[in-house]
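S.K.: This structure is in structure tokens; I'll ask about it shortly.
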Amino acid sequence: MIAQRRTTLLPCTIAAFTGFLATATFAQAPREERSFDAAAALKPIKSFDGMAIVRAKSGAAKPITLGVRNWIIPNRQKIAKFPEQGLLVIQVRAGSLVTIVDGKREQRGADEFWVVPPGATLAIETQQDSVILQVVSLRATTEGQKPR
């Protein structure tokens, strides 16, 4: 009688435990890894905006506009098109983010820097961390154009 209980009890225990695990696994709601908050207004802190003359390869003088700005981007933001234009040299001053430059995703961290060529599309995603970016931009200038 005891042996019969053990042989009946063991498969029932295993079946109940397996059912419990399956129920617990499927009962958990799928976690959205990339959930973002409503878009926050972005406004840079300008450090410098000025015009300069550089020499082209041919030796001809070429006017450019140089800008240095700091951007504070809150956590859980998705920016489909970063508003800076021209040749960009960007450094992460604090925090971490994911950048998408012309479709190529890359994780970035503090003190990391990279270049975004003119005409490329830069998208930014922040996760659980706000980020501070320092952006140096070089843009071609036409006669009579003032820095923004």
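S.K.: Please list 3J(HN,Hα) in residue order for the stretch 68-74, calculated via the Karplus relation 6.51 cos²θ - 1.76 cosθ + 1.60 where θ = phi - 60°; whole Hz, with x for glycine and proline.
M.R.: 10, 9, 10, 10, 9, 10, x
S.K.: I would also like to ask the following. With respect to the cross-link table entries Lys57/Lys81; Lys43/Lys78; Lys57/Lys104, which display a Cα-Cα separation exceeding 26 Å?
M.R.: Lys57/Lys81; Lys57/Lys104
S.K.: Any idea what diffusion coefficient the stretch 71-148 gets from Stokes-Einstein, in µm²/s, Kirkwood Rh on alpha carbon pairs, 20 °C, 1.002 mPa s?
M.R.: 165 µm²/s
Quick note: the coordinates plus some simple rules give every number you see, no bench work behind them. What you see is a predicted model, and the numbers here were worked out from it, not measured in a lab.
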